[in-house]
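> My questions will all concern the structure given below.
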Amino acid sequence: MLASALTARKCASSNLLLFDFLAPRLLSASALPRTPPLPLTTKRQSSTSHSLIDPVSSHPLVVPRSISFRSIGDADPNAINSEILLLQEAARRHNILDVWERYRSLDEKGLLRILGPPHFDPIMRMIVFVLKEAGAETKWSSEQMHAIEELAFACAGAGFTEALRRLLLLHLKRKDSRTVLNLYERFEQTILETDTSAADAMEEEEDEFDMMNLRFDKPSLNRSDISYILVLAIAAHALQDSFQGALNMYLKRGSYRFVSETIKCTFEDLKQSGDLERKTQAYCEALGMAALVQRPEAFKAHVRNLSKESTAVKRLKQLDKLVNTVLNGFVGPFPWAVFDEASKSPARPVVVPEKIWAYLLTAYVGLRREDIAGGLWDRVSGLGVVPGTIMWNALLEGYRDTQNVKKLLNTWELMKKMDIRFDAESYGAKIICLFQERLKNPPLKAFEDFKRAIPRSEETKYVYNAVLNGLLSQDDIKTAMKLLGEMATEGPAPDTVTYNILIKYYGRKGDLKGIAGIVNKLTENGVEPDVFTFTTILTTMLHLGVPNASQRLLDVMKSMGVEQNVATYSAVIDDLVRHGTKDGVRSAWEILQRMETMKTAQPNEVTYTSFLAGVHRSQELDKDLITAITRDIVGKMEKSGVRIKRGTYHILLKACLENPSADGLAFFMEFYSAMLRKRLTFAHDTWYIILGGLLRRGEVVMAGELMDQMLKSGFQPMHGVMDMVLRIRRLRKI
């Protein structure tokens, strides 16, 4: 992931083999500087400590606010304060015109830039309140309606979209689709076009409030906000029976993908509109797929995610639904798809590439449902698609994944009879499957056929790597090294993956000398190592009980010419603690200690946070040790001036909730309490992590208690959080 940050250089002298000075660092047991051990006792915390962990307390929740301030020049702070107080008081009285007048007054004085969440929040609440009042819109003057619209957009521009959402819902209820679309167009032009980051969440720090140096930075909209407004605009098109209009609008904004929880909440809001809910849901399903098939790798990831379903029946059901949604793009009530560029038209602007069908076929074969795969093949062919190499490869890859060599070879013969062209993917699937059968000669013969049929190139390298891995799985190191030499002289040149396969092999054998030889070749050829390279070396040394293994790894990295920077070492630490093992945590701790002595690799927030997250995911460390480590790391962060931000707590809360032990839940509550003590903002993303994590653990009672605290604080749940609130309420009734 961070391999680009690792720089491997060739040995300066062609006469000096790196192995000569690398091997002693791997093999020698000579004394090396010792790193401080992991803290084994809990330190007493002073009254001024800023530790992440704090005893559970009853500090009040904090209403979301922004905290980045900039100077506003020579403006009188008292005048500013007076203007803001009048604005907020008018909002509390629900006096729309008075709020609008105060807002315009601030605008005329050039003071709008000082407004932030604490000011827009009451304005948003006011608008939501007046819009909920049944029939109120019939009593409003045109001036009041104009004020509501302008203030709703002002709030949306500050990241508070609930007022605009309620306004759009009101117009949909009145069946005024034209106004909804006009408002969406304005939202798109004035807010989306200027909000280039559209971050998933506002990142708020805990700076102090200072009236003499005040300005709130404009927060970015999150995906849920954008998705909600977009779905309501789609509902307006559905009201007009204009799928074409919805399609054009959505594809224009295709980068803003639907958030599933948001869609559910939007449909709940549309239930009172009768048939509109059903039609909007159908539109969204079609539009979402039209956007997804244009990103084949994202579609592939989506299909892969279906494998996470708990049972094969559920996976099959989800896969069938996905297939039908794609096919409906051709023959359904809301068509949008064609098979090739030549067939595109304004009404059907989306080409479904052959890869999409290939991913679906592979998934069916992977579920051992060749019958359904055959049915899909026939349906697609019936629509005019001529299956090519990509679709045939999908069958080969499916049989490879299920290790069904007989059916793979039968498919191969059928491809030959039908004059289907074989490519590198075809041969790769066949060779891997033959190796999986523990066969010796057949995969090597297939490899020779491949070399005669397909020219050597970078695109075919993965086949060579697959053969190398297959040979080593059979302990044929002699043939594997011969292939490595062939790749070095004739191509395709060995890469990081090639060398990592060999390093992993020697690691399994516990052969440090063999690893050293491969590392030497890697460095001589100027290939960049990656995190896997280093963690494999370290894991092997730990397994063999090599003293000071972490220090020796750093020496190895230095000998390889790896740049000593924080990104490199942070990536290694993150990989070591990912599974929460004692050895991994201990090694990461030692590397962290060494980083603190390096001028060019001082640990930063990412380093410390990833280390802490791994520690709190661990089920091998006891609670006292985790507490001691946490306090020690926090002390280091404060000493080095690394600020403990809200995002750090988010990562730690998530890590604790992912730890299924009782200690994980206990630490979660301590971090939660610490956020209360520090008066950090509990925003949408915070509650999403908290409630979602508790529900996944089955902690319904605790989730309900924290939900009650959330609602009591005045926080208004929306989108995904609201979906969880509804779920908790349903579970409470059971």
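The values are calculated or read from the model by the stated rules, or taken from the named source; none is laboratory data. Not measured: the values here are computed from a predicted model. Every residue, glycine as well, gets a Cβ built from its backbone with ideal geometry; the counts of neighbours run over all protein chains shown. Accessible surface is based on the protein model in full, side chains and every heavy atom, while ligands, DNA and RNA are left aside. Shrake-Rupley method; radii C 1.70, N 1.55, O 1.52, S 1.80 Å.
> Could you state the number of Å between the C-alpha centres of region 371-439 and region 465-508?
Centre-to-centre distance over Cα atoms comes out at 26 Å.
> Kindly write out, for region 560-576 in residue order, the coupling ³J(HN,Hα) from the Karplus curve 6.51 cos²θ - 1.76 cosθ + 1.60 (θ = phi - 60°), rounded to whole Hz, with x marking Gly and Pro.
Karplus values, whole Hz, x for Gly and Pro: 7, x, 6, 5, 7, 10, 5, 5, 4, 5, 5, 5, 5, 4, 4, 5, 5.
> Find the relative contact order for region 588-734 and round it to a whole percent, using C-alpha pairs within less than 8 Å whose residues are 6+ positions apart.
18
> Can you tell me which aspartates and glutamates have their Cα less than 19 Å from the Cα of LYS175? Leave out same-chain residues fewer than eight positions away.
Once the sequence-local aspartates and glutamates are set aside, what remains near LYS175 is GLU133, GLU137, GLU149, GLU185, ASP241, GLU268, ASP269, ASP275, GLU277.
> When we measure straight from the Cα of LYS109, which lysines land under 21 angstrom away, once same-chain ones fewer than 8 places off are left out?
LYS218
> Please list, or write none, the lysines whose alpha carbon is within less than 20 Å of the alpha carbon of LYS407, excluding same-chain residues fewer than 8 places away.
Within reach: LYS416, LYS417, LYS430, LYS440, LYS445.
> With a 1.4 Å probe and every protein chain left in place, work out the accessible area per residue of region 286-405 in Å², rounded to a whole number.
Result: 46 Å² per residue.
> Then there is this: Students often check this: by mean Cβ neighbours within 10 Å, which of 510-519, 227-236, 706-715 ranks highest, and how do the rest follow?
On the way: 510-519: 19.7, 227-236: 25.5, 706-715: 15.5.
Sorting 510-519, 227-236, 706-715 by mean packing, highest first, produces 227-236, 510-519, 706-715.
> Further, regarding this structure: Given points 7 Å out from each Cα along the Cα-Cβ axis, report the ARG278 to ARG643 separation in nanometres with one decimal.
So the two model labels end up 5.3 nm from each other.
> If you count, for each residue, the other Cβ atoms within 10 Å and average over each peptide, how do 597-603, 182-188, 468-474 line up from highest to lowest?
468-474, 182-188, 597-603
> Could you give me the percent of Cα pairs per 10 Å distance bin for region 579-667, shortest bin first, beginning at zero and ending with the bin that holds the maximum distance?
It works out to 17, 52, 28, 3, in whole percents.
> What nm value, rounded to one decimal, do you get for the distance between LYS252 and LYS173 when each label is placed 7 Å out toward the C-beta?
Calculated label separation equals 2.8 nm.
> Return the whole-Å distance between the Cα centroid of region 610-676 and the Cα centroid of region 291-348.
Comparing the Cα centres of region 610-676 and region 291-348, I get a distance of 41 Å.
> Moving on. Where does the charge balance sit around PRO492 when Lys and Arg score +1, Asp and Glu -1, over other residues with C-beta under 13 Å from its C-beta?
That works out to -2.
> Remind me, relative contact order of region 467-612 in percent, using alpha carbon pairs under 8 angstrom and six or more residues apart?
Result for region 467-612 is 17 percent.
> Can you give me the Cα centroid spacing of region 124-150 and region 83-114 in angstrom?
Spelled out, the Cα-based centre of one part sits 16 Å from the other.
> Then there is this: For region 399-508, state the semi-axes of the equivalent ellipsoid (square roots of 5 times the eigenvalues of the alpha-carbon gyration tensor), sorted largest first and rounded to whole angstrom.
Working: eigenvalues 113, 57, 23 Å².
Equivalent ellipsoid semi-axes, largest first: 24, 17, 11 Å.
> Something else: If you place +1 on the Cβ of every Lys and Arg, -1 on the Cβ of every Asp and Glu, and leave all else neutral, what size is the dipole of region 453-495 about its Cα centre, to the nearest 20 Debye?
80
> Next question, about the same structure. Which FRET efficiency value, to the nearest 0.05, is calculated for GLU563 and ALA493 with the Förster distance at 22 angstrom and r the Cβ-Cβ distance?
Numbers: r = 22 Å, r/R0 = 1.01.
With a Förster radius of 22 Å, E is 0.50.
> Okay, moving on. Can you divide the C-alpha Rg of region 466-593 by 2.2 N^0.38 Å and report the result to two decimal places?
Here the answer is 1.06, to two decimals.
> Now, a different point. Tell me the Kirkwood radius of region 526-638: reciprocal of the mean inverse pair distance over distinct alpha-carbon atoms, in Å. Intermediate results must be reported in sequence, preceding the final value.
Working: mean 1/r = 0.0705 Å⁻¹.
Radius from the Kirkwood sum: 14.2 Å.
> Stretched out fully, how many nm does the piece from GLU133 to ASN525 gain, at 0.36 nm a residue minus the Cα gap? Each step should come with its number before you reach the end.
On the way: separation 392, 0.36 × 392 = 141.12 nm, distance 7.31 nm.
Working it through step by step, the gained length comes to 133.8 nm.
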